[in-house]
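Student: Just dropping this structure here.
The values are calculated or read from the model by the stated rules, or taken from the named source; none is laboratory data. What you are looking at is a predicted structure, and each value in this text was computed from that prediction instead of being measured. Cβ placement follows ideal geometry from the backbone for every residue including glycine, while neighbour counts extend to all protein chains displayed. When the accessible area is computed, the model is the full protein with side chains, heavy atoms only, and any ligands, DNA or RNA have been set aside. Shrake-Rupley method; radii C 1.70, N 1.55, O 1.52, S 1.80 Å.
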Amino acid sequence: MKNLAFALPHLLLVALALWMYVRIRAMKQRQDALVKDLKGRHYWRINLARPAFFGRWIRLMAFEAKGVLIDDGEVFRIRGHWAKTGKAFESVVPKQGLKVEWLGNPSIRTGNIHWARLDTPKGQVLFTADTGWSAGPSREALCDIFRSAFPDYPLDEENTHDFALEKNPRSLGATAVFLGLMLFALLDSFVFSSYELTDAQIFSILRSPLTWLGASVGLAALVALCYRFFAAGRIPARESLALALMLSAMSAAAALPVLKRVDQMLAGSVSEDHAYRLSGTYRFEPIDTTRGLPPLKFPRMQDYWQQWPDGSEHRIPLMHGPLGLWQLDHAKFDPPIVAFYEKNSGKPGKR
């Protein structure tokens, strides 16, 4: 039963992938059949969708149909087949008074591709160049369609080139925050701070289901808020999502160093000596078991601790702030250990 429970999600994913492959292949074959009759005519392969399609969150494909856009003299013809029903459709759009608009990649709902909107006698239709799922080729191919089919439409620089993150104040701000969090996490942990979170506390935090639940909810909310913030600043959907994910990932990485520093400030960066008993060659157990003191181990300092017998008592400086973290005070803890290894011409690791 356990093997079945493990294999079932994988089998479902394989079945879904096969279903998608068969469906897209059938759509492509119908598109190929349309193209066979277009020898000597000017046309473009396109994917299509109706405006309401992008209002849905649950869907497996980023488009509703595959088809062709045909330049037929005084009119454009759009031919294709809807993916859901396989039903053929055709729409004739006069070039006189034609209304077309470049949409780009305005939302994650539109997929990782660039879109345009065209008014037809049967209503508005969205179309994109049939280039696969890559944003770069999609944008370039759609630009080519506009230059050829709609030469009077004024394409802006942002339509024809990749988005310049360095020219947008919000993306520049996100980059600065990202670098700031990264530098803080590295420098505060390894350069400026003499306090270190104990291994036992780190493992306890990471093992807690509440940690993962809170982190998942918090990161999902942060990604959503950052995405909305960047999108509101006219940053394309793909870049907005990438920036939101990048900033959220660095926030997660810097969360523990930030909490450590906050706990130090709230505690006044004052540590107390606590009684521990040596257990083995480098493990320590707290003598007072009522205060929640974490067990300690110093595997890189075995030579130093071998000076004392198993069961001997030692005073170890720890800071305990209002956030409940136990942090080893290296400013008090390290000097005798450093002196020992200097005398014996060896340098231990920090832990």
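Student: Can you give me the long-range amide H partners of H274? Hydrogens built in the peptide plane at 1.01 Å from N, cutoff under 5 Å, separation of 5 or more residues or another chain.
Tutor: Excluding prolines and chain starts, which carry no amide H, the hits are I316, L318.
Student: Keeping every protein chain in place, order W102, W82 by accessible area at 1.4 Å, biggest value first, i.e. largest first.
Tutor: Ranked list, largest accessible area first: W82, W102.
Student: Please identify which residues in region 80-111 have an amide N closer than 12 Å to a label point set 7 Å out from the Cα of S134, following the Cα→Cβ vector.
Tutor: none
Student: Using a 1.4 Å probe, what is the accessible area per residue for the chain, in Å²?
Tutor: Value returned for the chain: 58 Å² of accessible area per residue.
Student: Which one is right for this structure if percent of Cα pairs over 32 Å apart is calculated from it: (i) 48; (ii) 56; (iii) 39?
Tutor: (ii)
Student: Let me ask another. So how tilted is helix 2-36 from the main axis of the chain? Cα-based, degrees 0 to 90, rounded to 10.
Tutor: Roughly 30 degrees, rounded to the nearest 10.
Student: Sticking with this one: Return the aspartates and glutamates within reach of K28: Cα separation strictly under 16 angstrom, same-chain partners fewer than 8 residues apart disregarded; answer none if there are no such residues.
Tutor: Those aspartates and glutamates meeting the cut-off are D37, E64, D130.
Student: Turning to a different aspect of this structure: Can you list residues whose amide H is under 5 Å from K95's amide H, if they're 5+ apart or on another chain and H is modeled 1.01 Å from N?
Tutor: Answer set, sorted by chain and number: V75, F76.
Student: HN-Hα J couplings of region 124-135 from phi, Karplus 6.51/-1.76/1.60, θ = phi - 60°, integer Hz, Gly and Pro as x?
Tutor: Once rounded to whole Hz, the list reads 6, 9, 9, 9, 9, 5, 7, 10, x, 10, 9, 5.
Student: Report the label-to-label distance for E90 and K28 in nanometres (one decimal), using points 7 Å from each Cα along the Cα→Cβ vector.
Tutor: About 2.6 nm, to one decimal.
Student: For L165, L278, give the ranking by accessible area with the largest first, probe 1.4 Å.
Tutor: Final ranking, largest accessible area leading: L165, L278.
Student: Moving to a separate point now. On the accessible surface of the chain, probed at 1.4 Å, how many percent belong to carbon and sulfur atoms?
Tutor: 61
Student: Another question, then. Can you give the local net charge around M27? Use residues other than it whose beta-carbon is closer than 11 angstrom to its beta-carbon, Lys and Arg +1, Asp and Glu -1.
Tutor: Here the count lands on +3.
Student: Using r as the Cβ-Cβ distance of L266 and S208, and R0 as 25 Å, what FRET efficiency do you calculate, to the nearest 0.05?
Tutor: The computed FRET efficiency comes out at 0.70.
Student: Right, next: Please list, ordered by chain and number, the residues whose modelled amide H lies under 5 Å from the amide H of W115; skip anything fewer than 5 residues away on the same chain.
Tutor: Placed amide hydrogens put L103, G104, N105 under 5 Å from W115.
Student: Using a 1.4 Å probe on the protein heavy atoms only, what accessible surface does R30 show? Give it in Å² to the nearest 10.
Tutor: Rounded to the nearest 10, that gives 70 Å².
Student: Related question: K260: which lysines have alpha carbons under 23 Å from its alpha carbon, excluding same-chain residues fewer than 8 sequence positions away?
Tutor: Answer for K260, where 23 Å is the Cα cut-off: K297, K332, K350, listed by chain and number.
Student: When only Cα pairs under 8 Å and 6 or more residues apart are kept, what is the percent relative contact order across the chain?
Tutor: Over the chain, the number comes to 11 percent.
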